[in-house]
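K.L.:
One structure coming up, written as structure tokens, with questions to follow.
The numbers here are math on the coordinates, done by the rules we state, and not lab data. This structure is a prediction, so every number in the text was calculated from the model and none was measured. As a convention, Cβ positions derive from the backbone with ideal geometry for all residues, glycine included, and neighbour counts pool all protein chains shown.
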Amino acid sequence: MRYSDYSEMARITYDNSAEKYHKNFKNEMEEKEFDRLFLDNFSDLLPKHSLICDAGCGPSGHIGKYLFDKGHKIKGIDISPKCIQIARDYNPELDFEVMDLSKMNFADNSFDAIISFYSITYTPKKYLDLIISEFHRVLKPNGIVLIVVKKGCLDSIDNNYWDEDKPVHYCLFQEDEMKELLLMNKFKSVTIETRLPYDFEFNVDRIYTTGIK
Ligand SMILES: C[S@@+](CC[C@H](N)C(=O)[O-])C[C@H]1O[C@@H](n2cnc3c(N)ncnc32)[C@H](O)[C@@H]1O
């Protein structure tokens, strides 16, 4: 199968489950102190009023919104038109666009930072260089990427994701895989932090990987 077969499965899955995802996750930052502190520190590393891409922003756009409230400019992108429609309605002050992570319609050196929470997960590992090299291309020199994924060993199709009866590819990662992925795509100063799941989350650790262009 080609890359586009997998991204199309992600689009169908998220067009289908966008409302449900939004209902469940739009307020999650209130309960995730680790994420708030992590993003506070991330924001402090950036120039004031940075331009940040929320890559795979989902229907709530709430992670970009957290950084918007800290004074940054946000461009949220997602492959699912339904997610983008809900994200626009929910955050009228933010800028959103339908876009594939592997074909970002931005010039080289556009962004001060990219955040990507749980969105590279739907692409088989053999195609992930297409996305990470694109992140590298659109970041400014010394720009920072933050990628968050779930920890584990998985790289296969899930036929019943979210009980939706729709196939989608799903990956879990190890810390060394994430580090390698960024280093292979020319990022430097790659750092990893892993946290335990909250009791209301799916019961696997979360890996936070940052790298500098
Ligand atoms: C689990 S949701 C995460 C949404 C948001 N980042 C969050 O943490 O709540 C994954 C999102 O990634 C998007 N996505 C998956 N593959 C994508 C791709 N190839 N290009 C753009 N968006 C993609 C999906 O449509 C979905 O909205």
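K.L.:
Take the alpha-carbon centre of segment 1-28, take the same for segment 172-189, and report the distance between them in whole Å.
P.N.:
24 Å
K.L.:
Next question, about the same structure. Less than 18 Å apart at the alpha-carbon level, and either on another chain or at least 8 residues along: which lysines does that give for K140?
P.N.:
K48, K73, K75, K103, K186, K188, K213
K.L.:
Divide by every residue of the chain the summed helix terms, -39500 (n - 2.57) for each DSSP H run of at least 4, and state the resulting mean residue ellipticity at 222 nm, rounded to the nearest 500 deg cm²/dmol.
P.N.:
Details: 6 runs with 74 residues, N = 213.
That comes out to -11000 deg cm²/dmol.
K.L.:
Using the alpha carbon gyration tensor of the chain, what are the three equivalent-ellipsoid semi-axes (square root of 5 times each eigenvalue), largest first, in whole Å?
P.N.:
Over the Cα atoms of the chain, the semi-axes work out to 23, 20, 18 Å.
K.L.:
Using the Cα centre as the reference, give the magnitude of the dipole from point charges on the C-beta atoms of segment 71-115 (Lys, Arg: +1; Asp, Glu: -1; all else neutral), rounded to the nearest 20 debye. Let's see the in-between values first.
P.N.:
On the way: 5 positive and 8 negative charges, 17 e Å.
The dipole magnitude comes to about 80 debye.
K.L.:
Within the chain, which is the longest segment containing none of the chymotrypsin sites (Phe, Trp or Tyr not before Pro) that sit in a DSSP loop and have at most 14 other Cβ atoms within 10 Å? Let's see the in-between values first.
P.N.:
Numbers: sites that count: F200, F202.
Result, exposed sites excluded: 1-199.
K.L.:
I'd like the antiparallel share, as a percent to the nearest 5, of DSSP beta bridges with both residues in the chain. Before the final figure, lay out the partial values.
P.N.:
Numbers: 18 of 37 bridges.
In the chain, DSSP labels about 50 percent of beta bridges as antiparallel.
K.L.:
If you don't mind, there's one more thing I want to ask. Between S189 and D165, what is 0.36 nm times their sequence separation minus the Cα-Cα distance? Round to one decimal in nm. Mind showing how you got there, number by number?
P.N.:
Working: separation 24, 0.36 × 24 = 8.64 nm, distance 4.08 nm.
The S189-D165 span can extend by a further 4.6 nm.
K.L.:
Taking segment 98-207, which trypsin sites (Lys or Arg not before Pro) meet the DSSP loop condition and have no more than 14 other C-beta atoms within 10 Å?
P.N.:
Details: sites: K103, K125, K126, R137, K150, K151, K179, K186, K188, R195, R206; in loops: K103, K186.
Those satisfying the criteria are K103, K186.
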